[in-house]
Amino acid sequence: MLILVFVKRLRKEIGVDYDSYERIFNTVNELSFIGYYLVGNIIEPEYIFLNYITSLIWNNYHFLLFITAFITIYFFYESMSYEIDTVSFPFSVFIFTTIQYSYYFRILRLGIAASIVAYSLRFIKEGKNKSVLFQKEWLEKINDD
């Protein structure tokens, strides 16, 4: 799986959103986390925070690509390894690399989100609802208010 991370990290100007994500990184680097939103931008705060932390520590857009690739591949790897008894792991990796992997070159944020959702399905399957962000009680409380 590390090979997939490095291939995704080493890319240069691949994907229709490559320039947009690089521009976001540079803007966050110039304006800071709060400054990015003060000028009217609206993107997920978690992704902007990841950009901000990466720009503070490494100040390198390609390192951000490495981090996003690692997060995406790691959570997909964990979700596939959880299902090792029901699905062949090599077959899962083959399906992931041929169908989804190249797709996440273009949409970094959706790749991270989809991988976290795939990982979190194990908690729902195991009935560990306290590990799921929106528990039934929370949803009922929101509906009552």
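Every read-out reported here was derived from the displayed coordinates using simple, explicitly stated rules and does not represent laboratory data. Everything numeric in this text was worked out from a predicted model, so none of it was measured. FYI the Cβ positions are ideal-geometry reconstructions off the backbone, even for glycines, and counts take in every protein chain you see.
Translational diffusion coefficient of region 12-76 (Stokes-Einstein, Kirkwood radius from Cα pairs, 37 °C, 0.692 mPa s): 270 µm²/s.
Net charge of the neighbourhood of Asn59, taken over other residues with C-beta under 14 Å away and scored Lys/Arg +1, Asp/Glu -1, is -2. Around the Cα centre of region 1-43, unit charges on the Cβ atoms of Lys, Arg, Asp and Glu (plus for the first two, minus for the last two) sum to a dipole of about 220 debye. What is the Cα centroid distance between region 66-129 and region 34-59, reported in whole angstrom? First find each Cα centre; the distance between them is then 25 Å. Note on Ser120 and Ser32: the model spin-label points, each 7 Å out from Cα along the C-beta direction, lie 3.0 nm apart.
Per the Cα gyration tensor, region 2-144 maps to an equivalent ellipsoid with semi-axes of 28, 24, 11 Å, ordered largest to smallest. Lysine pair count for the chain with Cα-Cα distance under 30 Å and sequence separation of 8 or more or different chains is 5. About its Cα centre, the dipole of region 1-94 is roughly 300 debye, where the only charges are +1 on Lys and Arg Cβ and -1 on Asp and Glu Cβ.
Per-residue packing, averaged as other Cβ atoms within 10 Å, sorts the ranges 29-41, 48-60 into the order 48-60, 29-41, beginning with the highest. Projecting the Cα atoms of Ile3, Ile48, Leu64 onto the charge dipole of region 1-68, computed from C-beta unit charges around the Cα centre, puts Ile3 farthest toward the positive end.
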